[in-house]
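Here is the structure we will look at, set down as structure tokens.
The values are calculated or read from the model by the stated rules, or taken from the named source; none is laboratory data. Keep in mind that what you see is a predicted model, and the values were worked out from it rather than measured. Reconstructed Cβ throughout: ideal geometry from the backbone, glycine too, with neighbour counts over all protein chains shown.
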Amino acid sequence: MELIRPDINIDFVGKRKYAYLLSLTLIILSLIGLVWRGDSLYGIDFVGGTVVQVSFAQPTDAGKIREGLTEIGLERSAIQRFGAEGENNYLIRTDLSGPEHGNLHDRVRESLERVYGKGGVTVERVEMVGPKVGQDLRQNALLAVFYATLFIAVYISGRFELKWLPPAIMIGALILGVYTLRVLGMHIPMLILSALLITTALCWVLKLKYALGAVVATIHDVIITAGAIALTGKEFDLTVVAAILTITGYSLNDTIIVFDRIRENVRKGRRRDFAELVNSSINQTLSRTLLTSGTTLATVLALFFLGGAVIHNFAYTLMVGILVGTYSSALVASPVLVEWETRFGKIQVMPAKKQGNRQGRK
Amino acid sequence: MKDLRWRILVVVAVVAVALLYLLPTLSKELPRWWTNVFPSEKIHLGLDLQGGMHLLLEVQTDKAVENTAERLAQEIKDDFREAQIRFRQVERQGEDQILVTLASGQPWEPVNNLFKEKFPTLDVGTRSSAGDQIQVVLQLKPAQVQHLKKLAVDQGLETIRNRIDQFGVTEPDIMTQGENRLLVQLPGIADTQRAIDLIGKTALLEFKLVDEQHSVDEAVAGKLPPGDKIYHGTKVDPATGKVSRTTYLLKDRTLLTGEYLTNAEVRIDSQYNRPYVALSFNDTGARMFERLTGEHVGERLAIVLDDNVHSAPVIKDRIGGGNAVIEGQFTMDEAKDLAVVLRSGALPAPVKIIEQRTVGPSLGRDSIRKGLISMAVGGLAVVLFMMVYYKASGVIADLALIIDIVLIMAGLAALRATLTLPGVAGIILTIGMAVDANVLIFERIREELRLGKTPRAAVDTGFDRASITILDANVTTIIAAVVLWQFGSGPIRGFATTLMFGILASMFTAIFGTKIVFDYLLQKRRVKTLSI
């Protein structure tokens, strides 16, 4: 069985202007979403606070829950339904944290039992994060995204260009840049963004064109995935950050598949026009790109619809990330490579001579 | 041919070992002779799946230093009196300093000698004199401060472990985190309030005399007699839940602490059928207790626990033998817990809960159920797709997928990693990712076949070429997983672990495992056409 015909030839590279337009729109929307949400983007993991998940025996509403919380002074908490409608689960979130609020478990239950009766309320989950811990977790999340991007960029430039010195310079410059910004007290999403932009600039300056394409695609994927969270009113918590990190790794899979093929075709040295070579490489690998993403997407969809509310945001992030990642490997990463090559490259001029230099393995 | 036999052997061996590690998790009970020889570790479920409480405590190490400075100030006073050194004041200042003001005319030499001889942990600062009074600041040595802080954390860990062991939680996990934090994981705990009380209580037991010469009301109004301090006693009536509060004026000097206890246990008062806590002191404690009760017959002795006056009975007679009781309006559980905390000793410094995550058992079960359902549905979709799309080759890939899952689970069991809810999600995700490797290989083989190569040549080139791409593509995901593992905590670490195992397992089965099946079919069975 075949979904994509082997001789398919879609003009991805030629139509790249449209893709740029679409990507740019999505990125701008995402950035607006991220800025607009501001601090409300963060879950308690990153700002501190308390979340109590309560399940009720009978259907109820936020107003009645609020009434039940008045006694312990929590009536101004944010209350929202959690999970499917029939499950009667609600999340109560407050900014409070600290030892005196450490055991909301019993207090919330007792207070709500006065309204709902004994056995009418079950406290399923309590998460209390102190502000200091929130800060630590935020810092760790930041460092994780930073190091993942850094190592991936270094790996790609090392592996595809067979240059290890420029990536080493890159590490130094990046650490320096991010450290300076951190000292200046920059906000985390901005900081991550700056780290990524610094990486891009460095790839450009150091002439690491494959890494440049990969990094631009990664930034693209991360921004749009984060934007999708902001625009749908979801929150960043630890699992969402984990999902975004996974996406930085996984969305590159498709990009690498295409890049590997481009390199293979360059080595063959038959084609003269680089843009054409890239386009046929994308087409040659199109079927596997879609299939690999498709199978992964299938399992993530199962998780999204059946995995339950606790894991919902995580599955959502992965889902968006995989879709965007697949799109960007064909329509962002490779076109960037073409842009760079048509301006500064030499491949289409002297393919035969380049062959010797580029033979990294076998 | 020989080469093929070896490769089959490797795969069979790997799967066999994996099954050995998985067996304890799959079976209810294994015979003794089996567990003696083979691994017996079950896959460990995270708190988010089995329910339980995760606490992160911050040890107030500053307080431990403060307490030490306070104690040293008291010792200096005692030694001054003994050596007949006249002084006006010895007082703790800040966290780690003691301010000593000598009486006018008191020469410096004997004081200095005393410090040198008896207080080697203190640095004697510069002297200043106001009139003919000498004033000097003593400072705890920085190394000593560090040592005290570390000790506070280590002892805190020990004490809390002790309390939890006596409370009876199965498989608790208690460890230090960073400089001054303790991570406590209590699986399957139901009464969270009780556990928090038990862990968080400093349990500093002190015996102090009630000052009956002065009026409490005047002291509260601001005329606090020197050497006295105001304490409160809060009591909750277990029957009505009514809270009552009494104010006491106590002499600040502590006469005896819980440090000298050898045992504390719950007894039942036969007359009123009320529980109380019986204390036994060690020899030193018993002597101190006998002396203090002998010297203060007729006065009231306050029993202070964590700055709360529990009771203040009148000393009727000298009490020898080193036994005492704490009475109060306890419930049975409260009395039991008090006995536990007194037995396991006081925390050297108070702890503060800075992170708490509690998951009820029903939510945990629900998460497991939903995780399994999504795994079944997602897995089935992938398996069916591979069969339909790649026919017989797809079946081979599906076999590899099943081995992958076995390997991931076995890896968790073998490395004693914890399976968390994100970890389950990681397994589900890797089911989708695992077939990626096979898809890449199969697509390449199809491509080679279209170029007119023989099945055998196509399979060889296909595996060869695709392997490099698979390796390249997976390295980036592995980098992300390793970074996540390094920076993540608890549940996230669980995800990073399964993700990593999943990728490694799929590379092994796709590149190494499925190749064997193809080689076997093509070389041994001489299959002429590929079903792909």
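Selection of region B:177-191 for residues being crowded, with 20+ Cβ neighbours inside 10 Å and more than 15 Å from the chain's Cα centre (by Cα) yields an empty set. Each residue in region B:380-389 was checked for being within 7 Å of chain A (Cβ to nearest Cβ) and buried (at least 22 other Cβ atoms within 10 Å of the Cβ), and 1 of them qualify.
Check region A:293-312 and report whether any residue there is more than 30 Å from B:Gly364 (Cβ to Cβ) and within 13 Å of chain B (Cβ to nearest Cβ).
Our first condition is that a residue be more than 30 Å from B:Gly364 (Cβ to Cβ); within region A:293-312, this holds for A:293-294.
In the following step, the residues that additionally are within 13 Å of chain B (Cβ to nearest Cβ) were identified as A:293-294.
Among the residues of region A:293-312, at least one is more than 30 Å from B:Gly364 (Cβ to Cβ) and within 13 Å of chain B (Cβ to nearest Cβ), which makes the answer yes.
Meeting the requirement of 3 or more residues that are under 30 Å from B:Leu522 (Cα atoms), the helices (runs of 4 or more DSSP H) wholly within region B:1-82 are B:2-26.
Screening the candidates A:Gly158, A:Gly134 for the property of being surrounded by fewer than 20 Cβ atoms within 10 Å (Cβ to Cβ) and more than 8 Å from chain B (Cβ to nearest Cβ) yields one hit, A:Gly158. Check whether at least one residue in region A:319-328 is without any contact (Cβ under 8 Å) to a residue 60 or more places away in the chain, in a helix (DSSP H, G or I) and either in contact with a Phe, Trp or Tyr (Cβ under 6 Å, 6 or more places away or on another chain) or among the charged types (D, E, K, R) (or both), and report yes or no. For region A:319-328, residues without any contact (Cβ under 8 Å) to a residue 60 or more places away in the chain, in a helix (DSSP H, G or I) and either in contact with a Phe, Trp or Tyr (Cβ under 6 Å, 6 or more places away or on another chain) or among the charged types (D, E, K, R) (or both): present.
Each residue in region B:440-481 was checked for being hydrophobic (A, V, I, L, M, F, W, C), in a helix (DSSP H, G or I) and more than 8 Å from every other protein chain (Cβ to nearest Cβ), and 11 of them qualify. Could you check region A:112-122 and list, in sequence order, the residues that are crowded, with 22+ Cβ neighbours inside 10 Å and either at the interface with chain B (Cβ under 9 Å from one of its Cβ atoms) or assigned to a helix (DSSP H, G or I) (or both)? The answer is A:Leu112, and nothing else.
Would you confirm, using the coordinates I've provided, whether A:Gly83 is of a type in the set (Gly, Ala, Ser), modelled with pLDDT of 80 or more and buried (at least 18 other Cβ atoms within 10 Å of the Cβ)?
Details: of a type in the set (Gly, Ala, Ser): yes; modelled with pLDDT of 80 or more: yes; buried (at least 18 other Cβ atoms within 10 Å of the Cβ): yes.
Taking the combined requirement at face value, the residue satisfies it.
Determine if region A:169-188 includes at least one residue that is aromatic (Phe, Trp, Tyr), out of contact with any Ser or Thr (no Cβ under 7 Å at 6 or more places or on another chain) and surrounded by 15 or more Cβ atoms within 10 Å (Cβ to Cβ). Looking through region A:169-188, none of the residues is aromatic (Phe, Trp, Tyr), out of contact with any Ser or Thr (no Cβ under 7 Å at 6 or more places or on another chain) and surrounded by 15 or more Cβ atoms within 10 Å (Cβ to Cβ). Has region A:297-318 got at least one residue that is in a helix (DSSP H, G or I), aromatic (Phe, Trp, Tyr) and crowded, with 22+ Cβ neighbours inside 10 Å? Looking for residues that are in a helix (DSSP H, G or I), aromatic (Phe, Trp, Tyr) and crowded, with 22+ Cβ neighbours inside 10 Å, one finds at least one in region A:297-318, hence yes. For A:Arg271, the requirement of being more than 8 Å from chain B (Cβ to nearest Cβ), modelled with pLDDT under 90 and touching a Pro at 6+ places or on another chain (Cβ under 8 Å) is met. For B:Thr454, state whether it is more than 31 Å from the chain's Cα centre (by Cα), of a type in the set (Ser, Thr, Tyr) and surrounded by fewer than 19 Cβ atoms within 10 Å (Cβ to Cβ). Taking the combined requirement at face value, the residue satisfies it.
If you scan region A:192-212, which residues turn out to be of a type in the set (A, V, I, L, M, F, W, C) and within 26 Å of A:Gly227 (Cα to Cα)?
To start, the set of residues in region A:192-212 that are of a type in the set (A, V, I, L, M, F, W, C) comprises A:192-193, A:195-198, A:201-206, A:208, A:211-212.
Across region A:192-212, the qualifying residues are A:Ile192, A:Leu193, A:Ala195, A:Leu196, A:Leu197, A:Ile198, A:Ala201, A:Leu202, A:Cys203, A:Trp204, A:Ala211, A:Leu212.
Just a yes or no: is a residue in region B:350-369 without any contact (Cβ under 8 Å) to a residue 24 or more places away in the chain, on the phi < 0 side of the Ramachandran plot, of a type in the set (D, E, K, R) and at the interface with chain A (Cβ under 7 Å from one of its Cβ atoms)? Yes, that holds for at least one residue.
All of (1) modelled with pLDDT under 85; (2) surrounded by fewer than 22 Cβ atoms within 10 Å (Cβ to Cβ); (3) of a type outside the set (S, T, N, Q) hold for A:Leu231 with one exception: (1).
Can you find a residue in region B:268-281 that is closer than 27 Å to B:Ala219 by Cα, assigned to a loop (DSSP other than H, G, I, E, B) and assigned by TED's automatic domain parsing to the domain that holds B:Leu209?
Within region B:268-281, the first condition is being closer than 27 Å to B:Ala219 by Cα, and the residues that meet it are none.
Within region B:268-281, none of the residues are closer than 27 Å to B:Ala219 by Cα, assigned to a loop (DSSP other than H, G, I, E, B) and assigned by TED's automatic domain parsing to the domain that holds B:Leu209.
In summary, A:Glu75 fulfils each of the numbered conditions (1) modelled with pLDDT under 80; (2) under 27 Å from A:Thr239 (Cα atoms); (3) more than 25 Å from the chain's Cα centre (by Cα) with the single exception of condition (2).
If you take the residues in region B:412-428 that are in a helix (DSSP H, G or I) and within 14 Å of chain A (Cβ to nearest Cβ), which one is farthest from the chain's Cα centre (by Cα)? Looking at the filtered set, the residue picked out is B:Ile428. Within region B:192-218, the set of residues being surrounded by 19 or more Cβ atoms within 10 Å (Cβ to Cβ), over 21 Å from B:Leu279 (Cα atoms) and over 17 Å from the mean Cα position of the chain (by Cα) comprises B:Asp211 only.
Before we move on, is B:Ala437 within 7 Å of chain A (Cβ to nearest Cβ), more than 30 Å from the chain's Cα centre (by Cα), farther than 25 Å from B:Arg357 by Cβ and not in a loop (DSSP other than H, G, I, E, B)? So that I can check it myself, show each step before the final result.
Numbers: within 7 Å of chain A (Cβ to nearest Cβ): no; more than 30 Å from the chain's Cα centre (by Cα): yes; farther than 25 Å from B:Arg357 by Cβ: yes; not in a loop (DSSP other than H, G, I, E, B): yes.
So B:Ala437 fails the test.
On the basis of being closer than 14 Å to B:Phe207 by Cβ and loosely packed, with under 13 Cβ neighbours inside 10 Å, does B:Asp317 make the cut? No; evaluated as a whole, the condition is false for this residue. Residue-level analysis places B:Val395 among those that are more than 7 Å from every other protein chain (Cβ to nearest Cβ), in a helix (DSSP H, G or I) and among the β-branched types (Val, Ile, Thr). Looking at A:Arg288, is it basic (Lys, Arg), closer than 30 Å to B:Val424 by Cβ and within 12 Å of chain B (Cβ to nearest Cβ)? Yes: the conditions hold for A:Arg288.
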